[in-house]
Amino acid sequence: MTMEERVDRLLRDADPGRLGVVGEVGGVKQALLTEIMSERGGGMSRRLRVGRFAGVVTVAAVLVSVVPASMVLRGQSEGGGVSPIVTADAGKVFSPGAMAAAERNPRLLIDRAGWKVTRLYGFAEEQGGVVFRRGEREVEMTWYPGYAYAERYPDRLVDGPAKSVRVDGWPAEVFQSFNGDFTVLVRPRDDVFVEMKTSGNWSRKDLDRVLGDIVRVDARTFLAVLPAEMVMPVRERAARVLADVPLPPGFDVAELEEVGVSDSYQFGVGVTSRVGCGWIAEWQRARASGDEAGVRRAADALRSSHGWRVLREMDEAGDWPEVFWGYADEVAAGAVRAGYVESLGCR
């Protein structure tokens, strides 16, 4: 049997649609490892390691060091390029905080050329999301704690009856709204469930093709696929954002680790939120203690926020700067509404 024939057979055997139960995946992987190692006598690259249930792409990742790249790339006929997972640099170093957050995250990727992550928010929180874009089409994957699935599912039924599908071999249901957009609810796994929403011009055939390309990967692979800016070391990233921002007393950059893995807009929100809350707390302290110099210093710092580069750039993309400036101006004028804690995300 030629190597090409063997690869074809191994890929067919690893098709998650034929496994029936998740527990059989381990046996398929072990068979693949044994056969490949016997073929080459050992020495397999561990550059790319995907999650336990990554199906065909898992096989592609294992084979990438022993067969020609052209045999494992996906989507070349649709826009060219290579699999995002195959090209990911899994050798990068990520912070412990980013790795821990990724372990709790569903870590689902669209493994087809052309799909890119454009937004990432709430990565270290119970609820967050990631947006993938290719041309005019988008898929937003939002994750929630598993217990919320029982409430979310009935809400989707207003769009019509559910139709069963599978995402990375895992049970899911698809709904189509009156405007043509699709919603896919992936059943809970590891106490998390995912809701996927499409936007743009989609057909059911388009959706099924993309669902077939979604894989669950390990934490390091997921982080490696993200745009470099989203996983930049927090201190380096914060230094750029805070270059012209006065910092309140006691401000600790290390606390920004929890917002470190995010798109630029969300990172800007997380950083300026903490700065603004810190200055408001300092203004309140100084005012209560009769520290007039402290009151002026805090008011001046908040007033200067209209010139902060990070907020001026964000003002073109969303409403956060306007919200921030509204509270900053009130404090600079000598008052602050009680709702600032929730609005600015103060702790």
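The values are calculated or read from the model by the stated rules, or taken from the named source; none is laboratory data. The structure presented is a predicted model; accordingly, all values stated were derived computationally and were not measured. All Cβ positions, even for glycine, are placed from backbone atoms using ideal geometry, and neighbour counts span all protein chains on display. For accessibility, only protein heavy atoms count, side chains too; no ligands or nucleic acids. Shrake-Rupley method; radii C 1.70, N 1.55, O 1.52, S 1.80 Å.
Which three extents, in angstrom, do the Cα atoms of the range 143-185 have along their principal axes, listed largest first?
Taking max minus min along each principal axis of the Cα atoms, the range 143-185 gives 27, 23, 16 Å.
Whole number in Å², please: accessible area per residue of the range 196-347, 1.4 Å probe, ligands, DNA and RNA not counted.
Ligands and nucleic acids excluded, the result is 46 Å² per residue.
Assuming R0 = 56 Å, can you tell me the calculated FRET efficiency for the pair F251 and A150, based on Cβ-Cβ distance, to the nearest 0.05? Could you put the intermediate results ahead of the total?
Working: r = 41 Å, r/R0 = 0.74.
That gives a FRET efficiency of 0.85.
Can you give me the Cα centroid spacing of the range 174-196 and the range 88-146 in angstrom?
16
By its C-alpha gyration tensor, with a ≥ b ≥ c as the square roots of the eigenvalues, how is the range 232-347 shaped: rounded for a/c under 1.5, else prolate for a/b larger than b/c, else oblate?
prolate
Using θ = phi - 60° and the Karplus relation 6.51 cos²θ - 1.76 cosθ + 1.60, list the HN-Hα couplings for the range 271-288 in order, rounded to whole Hz, with x at every Gly or Pro.
Per residue, the Karplus-derived 3J(HN,Hα) values read 6, 5, 4, 5, 5, x, 5, x, 6, 5, 4, 5, 4, 5, 4, 5, 5, 5 Hz.
Assuming a ≥ b ≥ c are the square roots of the Cα gyration tensor eigenvalues, decide whether the range 104-211 counts as rounded (a/c under 1.5), prolate (otherwise, with a/b larger than b/c) or oblate.
Working: a/c = 1.57, a/b = 1.06, b/c = 1.49.
Oblate, since a/c reaches 1.5 and b/c is not below a/b.
Quick query: amide H of F193 versus all other amide H atoms, modeled in the peptide plane; which residues come in under 5 Å with a sequence gap of 5 or more or a different chain?
Long-range HN contacts for F193: Y144, G146.
Once ligands and nucleic acids are excluded and a 1.4 Å probe is used, how much of Y144 is accessible, expressed in Å² to the nearest 10?
Estimated to the nearest 10 Å², Y144 gives 30 Å².
Quick one: Karplus J couplings for the range 232-247, per residue in order, coefficients 6.51, -1.76, 1.60, θ = phi - 60°, nearest Hz, x for Gly and Pro?
4, x, 4, 5, 5, 5, 5, 4, 5, 5, 8, 4, 10, 10, x, 9
Please give the residues of the range 211-237, grouped as numeric ranges, whose backbone N is less than 11 Å from a label point set 7 Å along the Cα-to-Cβ vector of K116.
227-228
For the pair Q127/E313, report the inter-label distance in nm, with labels modelled 7 Å from Cα in the Cβ direction.
Rounded to a tenth, the inter-label distance reads 2.9 nm.
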